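*Asks:* There's a structure below that I have some questions on.
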Amino acid sequence: MPVIDGKTVDILFSEQEIAQRNKALAEDIAKSRPQNLLVLPILKGSFVFAADLIRALHKANVSSSVEFITVSSYGAGQTSGDIHLLHDLDSDVTGRDILLVDDILESGKTLHFVAELMKKRGARSVAIAVLLDKHTRRKAPVEADYVGFPCPDQFVVGYGMDAAHAFRQLPFVGIVRESPPVLEKKP
Ligand code: IMP
Ligand code: MG
């Protein structure tokens, strides 16, 4: 089990499993034959997933341009009801197929906010790709079109996702263990 900065992190989804899912997701996205595709990762947590996904899309013969959007979220990971735009994208989205990319779909408030904004601005279509879906936490009326993995209702880190700014660099998705593993007593 990896120990990072003195903390044990249990691997939930390995680097290999994630790479396999990215390939499958890209092939699914390719089947929708997107036109003039704009991939729009929601920063910050999605940047690693998005970087791998656009390269998997390239291998599935899908070209894309990429812009970023940053919205406010509350606390270290959890989202408040109030979503604000912190950094907007530069391009006009009118008539374009947009693929929103996020690390986790939880309450859905973040993705609902951004999806509605893109529709209001005249996007031709708005699809959603998320690495992880915490389905039991949903509060807003939003579902992802492409899901890497269903996610247990636990706080996860790695592959772009942080806990208080740490662990984004991990190549896998993991769960930080609160206490060190209990060693079994020998008889
Ligand atoms: P929601 O769907 O609006 O509730 O927000 C989901 C966002 O909350 C994700 O984009 C993440 O930034 C963050 N988030 C939710 N759960 C976790 C977690 O387990 N680890 C890290 N970030 C999380
Ligand atoms: Mg996020």
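The values are calculated or read from the model by the stated rules, or taken from the named source; none is laboratory data. Source: prediction; values computed, not measured. Positions of Cβ are generated from backbone atoms using ideal geometry, with glycine treated the same way; all protein chains shown enter the neighbour counts.
*Asks:* Quick one: V142 ticks every box in (1) in contact with a strand residue (DSSP E or B) (Cβ under 6 Å, 6 or more places away or on another chain); (2) outside any helix (DSSP H, G or I); (3) without any contact (Cβ under 8 Å) to a residue 60 or more places away in the chain bar one, so which box is it?
*Replies:* (1)
*Asks:* How about the range 41-86: which of its residues are more than 13 Å from ligand 2 (Cβ to nearest atom), outside any loop (DSSP other than H, G, I, E, B) and either closer than 17 Å to A19 by Cβ or at pLDDT 95 or above (or both)?
*Replies:* A51, D52, L53, I54, R55, A56, L57, H58, K59, S65, V66
*Asks:* Looking for whichever is farther than 19 Å from M161 by Cβ and either in contact with a Phe, Trp or Tyr (Cβ under 8 Å, 6 or more places away or on another chain) or not hydroxyl-bearing (S, T, Y) (or both) here; the options are D88, D103. Which one fits?
*Replies:* D88
*Asks:* Among the numbered criteria (1) within 16 Å of ligand 2 (Cβ to nearest atom); (2) part of a loop (DSSP other than H, G, I, E, B); (3) touching a helix residue (DSSP H, G or I) at 6+ places or on another chain (Cβ under 7 Å), which one does D153 miss?
*Replies:* Only one criterion is unmet by D153, namely (1).
*Asks:* OK, next. Any residue in the range 46-65 that is among the acidic types (D, E) sitting within a Cβ distance under 6 Å of a residue that is part of a helix (DSSP H, G or I)? List the pairs, counting only those 6 or more apart or interchain.
*Replies:* If the second residue must be part of a helix (DSSP H, G or I), the pairs left are D52/N22.
*Asks:* Of the conditions (1) at pLDDT 95 or above; (2) at negative phi; (3) away from ligand 1 (no atom under 16 Å from the Cβ), F13 fails just one. Which one is it?
*Replies:* Status for F13: all satisfied but (3).
*Asks:* Could you run through the range 89-113 and say how many residues are over 15 Å from V66 (Cβ atoms), within 16 Å of ligand 2 (Cβ to nearest atom) and outside any strand (DSSP E or B)?
*Replies:* Final tally of qualifying residues: 8.
*Asks:* Residues in the range 85-99: is at least one under 24 Å from V62 (Cα atoms) and surrounded by 23 or more Cβ atoms within 10 Å (Cβ to Cβ)?
*Replies:* Yes, the range 85-99 has at least one match.
*Asks:* Given the criteria away from ligand 2 (no atom under 16 Å from the Cβ), in a loop (DSSP other than H, G, I, E, B) and among the charged types (D, E, K, R), does E116 qualify?
*Replies:* No, not satisfied.
*Asks:* Scan (1) surrounded by fewer than 16 Cβ atoms within 10 Å (Cβ to Cβ); (2) in contact with an Asp or Glu (Cβ under 6 Å, 6 or more places away or on another chain) for the single condition G45 breaks and write down its number.
*Replies:* Status for G45: all satisfied but (1).
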